[in-house]
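The values are calculated or read from the model by the stated rules, or taken from the named source; none is laboratory data. These figures come from a predicted structure and were not determined experimentally. Here the Cβ positions follow ideal geometry from the backbone for every residue, glycine too, while neighbour counts run over all protein chains shown. Ligands, DNA and RNA are excluded from the accessible area calculation, which covers all protein heavy atoms including side chains. Shrake-Rupley method; radii C 1.70, N 1.55, O 1.52, S 1.80 Å.
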Amino acid sequence: MFKISVIGTGYVGLTTGIGLANFGSSVLCLDIDEAKIHQLNQGLSPIYEPGMDGLLKENVTAGRLRFSTDLTQGVQWADIIFIAVGTPQAEDGQADLSAVEATAALIGAHLNGYKIIITKSTVPVGSNEKIRAIIDDCNERGHPFDVVSNPEFLREGRAVYDFLHPDRVVIGVDNHRPVDTLKQIYRPLYLNEVPFIVTDLRTAELIKYASNSFLAMKVAFINEMSRLCDVIGADVQQLAIAVGKDGRIGGKFLHPGPGFGGSCFPKDTAALMAFAREKGMPLGLVEETIASNRRQKEFIVTKIKQRMGAVTGLRFAVLGLAFKSETDDMRESAAITIIDQLLDEGAIIRAYDPQAMKNAKKLWDTDQVYFGRDEYDTIEQADAVVILTEWNQFRNLDIPRIKSAMRQPFFFDFRNIYQRKQMEDYGLVYECIGR
Ligand SMILES: NC(=O)c1ccc[n+]([C@@H]2O[C@H](COP(=O)([O-])OP(=O)(O)OC[C@H]3O[C@@H](n4cnc5c(N)ncnc54)[C@H](O)[C@@H]3O)[C@@H](O)[C@H]2O)c1
């Protein structure tokens, strides 16, 4: 049984820890956030992810999964150490590697035998070489170690499922020694013939940025099509279905919305753009993807104003704050830009999200935004409803009840959940995108 420490117990670290324990390893998840570890030690997940609570409890009960803030002990106990700390966007657009570098230094200072250090955090090209150099510098007793790049491709909202059913596992190495161990850790996947791509460190690092940038570009593309459809009177929904049926394109990530957000696409496209520029090889498509996404969010606010005029003093009921459904993550959510813009222009905001309220309350004071108890409380006396996240519970709202609770009948459906005719039959002024 492998002894694995995972440093950083966020969306990726916690999922990795639970997943690897489920594959049979003994796993210790480590974090500097004491509150998070305390909560986990009580059997509670600090994040909302479908399927996570059950698997967490199962693996803790089976004795394969533990949590601690004692990073030093965690480094010394393990044979294999995953780095899964955050790499947020720095002011210059590059990835902020301070947590990764601090972790590498800690690992180097406490090596007590051969270990494999695996980077799961998304890090720019050349970072694993830097990680190796930092560990080397701090490794005074000269213990042997290997550094591996093993980027993660899970989607929030489907993190557990994606970890257990990945499309591929990417392993970047500078020598072959750790590869067999990696295949053993991921043995159930290997046996299920999930493709393993073994490559060099730099290629593995770039694969992650290329994948996320391509997906972001696909979302930005369909959003552009939705803006064009709006102007020419075509239907982006049918367009997306028809285009997506082409096997060379594929139907995933062709859903128009208020602009991509989350903890990955915005920061990873920005980091790739900054990194490529620094190397003298600007990436026009990636740069335009970022600009296009910004325009989509502006387009949403413009659309509201085109319909309603000045928004000063108007009451907006925003349904959905998380950057997508099935997550409580609000990082870079389009809702933040859109709500801030409306607040700046004097609008009154009422908001509700099934899972992201705790995170939303960190962003706005209760005197800036009224946080509703549920959809219907939020809609009370609103001039407009604005759907920003495609939660299932917003797909079947009691429309007559909503209509009678509102002050004015504007209904902005920026996830294209409802049908125009149905909403207009109820007397609502309905707007969506690209239909
Ligand atoms: N969230 C995703 O969907 C996703 C998907 C693929 C890859 N990634 C990448 O994985 C990495 C982690 O992302 P996340 O979303 O899990 O981040 P997160 O913010 O949810 O979690 C990071 C955790 O690291 C901890 N941490 C920070 N500094 C630390 C230190 N010095 N020692 C120990 N713990 C420390 C934080 O307390 C936090 O719990 C990032 O590089 C991200 O780009 C994220």
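Given the chain, what whole percent of its Cα pairs are spread farther than 28 Å?
Values: 50257 of 94395 pairs.
The proportion of pairs with Cα distances above 28 Å equals 53 percent.
Angle, helix 334-344 long axis vs. longest principal axis of the chain, Cα atoms, 0 to 90°, nearest 10? On a 0 to 90 degree scale, this one is about 50. Of Gly247, Gly19, Gly54, the residue with the greatest mean-square motion in the GNM of the chain, using alpha carbon springs below 10 Å, is Gly247. Quick one: helix 98-110 against the long Cα principal axis of the chain, what's the angle to the nearest 10°, folded into 0 to 90? On a 0 to 90 degree scale, this one is about 20. Principal-axis analysis of the Cα atoms of the chain puts helix 127-138 at an angle of about 40° to the longest axis.
Let's see if you can work this out: charge +1 on each Lys and Arg Cβ, -1 on each Asp and Glu Cβ, no other charges. What is the dipole magnitude of the chain about its Cα centre, in debye to the nearest 20?
Working: 48 positive and 56 negative charges, 173 e Å.
Taking the Cα centre of the chain as origin, the dipole is about 840 debye.
Could the peptides 384-392, 92-100 be put in order, highest first, of the mean number of other beta-carbon atoms found within 10 Å of their residues? Each step should come with its number before you reach the end.
Working: 384-392: 23.8, 92-100: 18.1.
Order by mean packing, descending: 384-392, 92-100.
Give me the accessible area per residue for the chain, probe 1.4 Å, as a whole number in Å². The partial results should precede the final answer.
Numbers: 18930 Å² over 435 residues.
Per-residue value: 44 Å².
The peptide list 230-237, 249-256, put in order of mean Cβ contacts within 10 Å with the highest first, becomes 249-256, 230-237.
Sorted by average packing, counted as other Cβ atoms within 10 angstrom per residue and highest first, what order do 420-431, 330-341 take?
Working: 420-431: 15.4, 330-341: 22.2.
Listed from highest to lowest mean packing, they are 330-341, 420-431.
Straight-line reach from Lys245: which lysines have Cα under 21 Å away, leaving out those fewer than 8 places along the same chain? Excluding near neighbours in sequence, the set is Lys218.
With the charge dipole of the chain set up from +1 on Lys and Arg Cβ and -1 on Asp and Glu Cβ about the Cα centre, the Cα lying farthest toward the positive end among the listed residues Leu319, Ile4, Ala102 is that of Leu319. Greater than 22 Å separation of Cα atoms is the criterion. Which listed pairs, Lys324/Lys403; Lys3/Lys115; Lys183/Lys252, meet it? Those over the limit are Lys324/Lys403; Lys183/Lys252. Restricting the stretch 151-210 to GluC sites (Glu not before Pro) that sit in a DSSP loop and have at most 11 other Cβ atoms within 10 Å of their own Cβ leaves Glu193.
For the stretch 200-435, the fraction of 1.4 Å probe accessible surface lying on carbon and sulfur atoms is 53 percent.
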